[in-house]
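Single-structure report; data block below.
Coordinate-derived values only; no laboratory data. Note that the structure is a prediction, hence the values are computed from the model and not measured. Here Cβ is always computed from backbone atoms with ideal geometry, including for glycine, and neighbour counts include all displayed protein chains.
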Amino acid sequence: MDALHEKGLLFGASVTVTTQNVDEAVSPAFIDALAGRGCKLVIYVEYVPVTEESQELAPGEEERIRLRDGIARLRAQVPEVVFVSFPGDEKSSGGCIAAGRGFFHINSHGGAEPCPFSPYSDVNVRDTSLRQALASPLFAALREGDVLADDHVGGCVLFEKRAAVEALL
Ligand code: SF4
């Protein structure tokens with residue numbers, strides 16, 4: 001961060017929020033440390049468990065409320081930094097925006113995935129254009145079906161519905 005700041009580059013930080021770090025993640029001390037190094041964007045990403053054993057780290061309703069309130073406080077107190085909550089801010093976007101509905105994710109091997117939290121791919125951007133990747137059978141099926149549209153009260157639709165995604169794949 002110091003090197004980026006020295007070069008005058010714009011940069012941000014991605015913070016994974018768990019049941020164990022939620023209060024520290026939105027604490028003034030932590031944000032002051034980031035902002036003091038020139039960080040202009042903080043993206044809060046709720047931890048999504050990838051094993052049964054790590055389920056306890058996933059924020060529940062109580063932690064989501066603390067995260068939401070903490071971000072609201074930070075937005076008022078630290079206007080020079082942009083705060084984004086993910087997937088919390090999806091509610092204001094009408095739900096899950098994966099699979100090209102709002103964005104998609106490219107993994108380190110070039111595989112185009114619906115979202116980092118839904119690491120399935122049927123197309124690689126080394127072989128296709130981004131436009132072709134957006135039209136992949138998996139993405140198209142997700143957008144046209146009712147998987148993305150499903151109501152959710154937090155957490156991750158595609159993680160909860162991973163069996164349905166695997167079936168489509
Ligand atoms: S797949 Fe999950 S984390 Fe990704 S956009 Fe959809 S709901 Fe959010």
In nm, the gap between the two label points placed 7 Å beyond Cα toward Cβ at Leu4 and Thr128 is 3.1 nm
When you take every Cα atom in the chain, what is the radius of gyration, and what is Dmax, the widest Cα pair distance, in Å?
17.4, 49
Between Glu24 and Val78, with labels modelled 7 Å along Cα→Cβ, what's the label distance in nm to one decimal, could you check?
1.5 nm
When the helices in the chain are scored as -39500 (n - 2.57) per DSSP H run of 4 or longer and the sum is shared across all residues, what 222 nm value do you end up with, to the nearest 500 deg cm²/dmol?
-9000 deg cm²/dmol
Amide H of Thr16 versus every other amide H placed in the peptide plane: which residues, excluding those fewer than 5 positions away on the same chain, fall under 5 Å?
Val45
One would report the Cα pair-distance distribution of segment 95-168, bin width 10 Å, in %, as 22, 58, 19, 1
Among Val17, Leu57, Val81 - extreme Cα towards positive end, dipole of the chain, charges at beta-carbon
Val81
Given charges of +1 on the Cβ of Lys and Arg and -1 on the Cβ of Asp and Glu, with all other atoms neutral, how large is the dipole of the chain about its Cα centre, in debye to the nearest 20?
700 debye
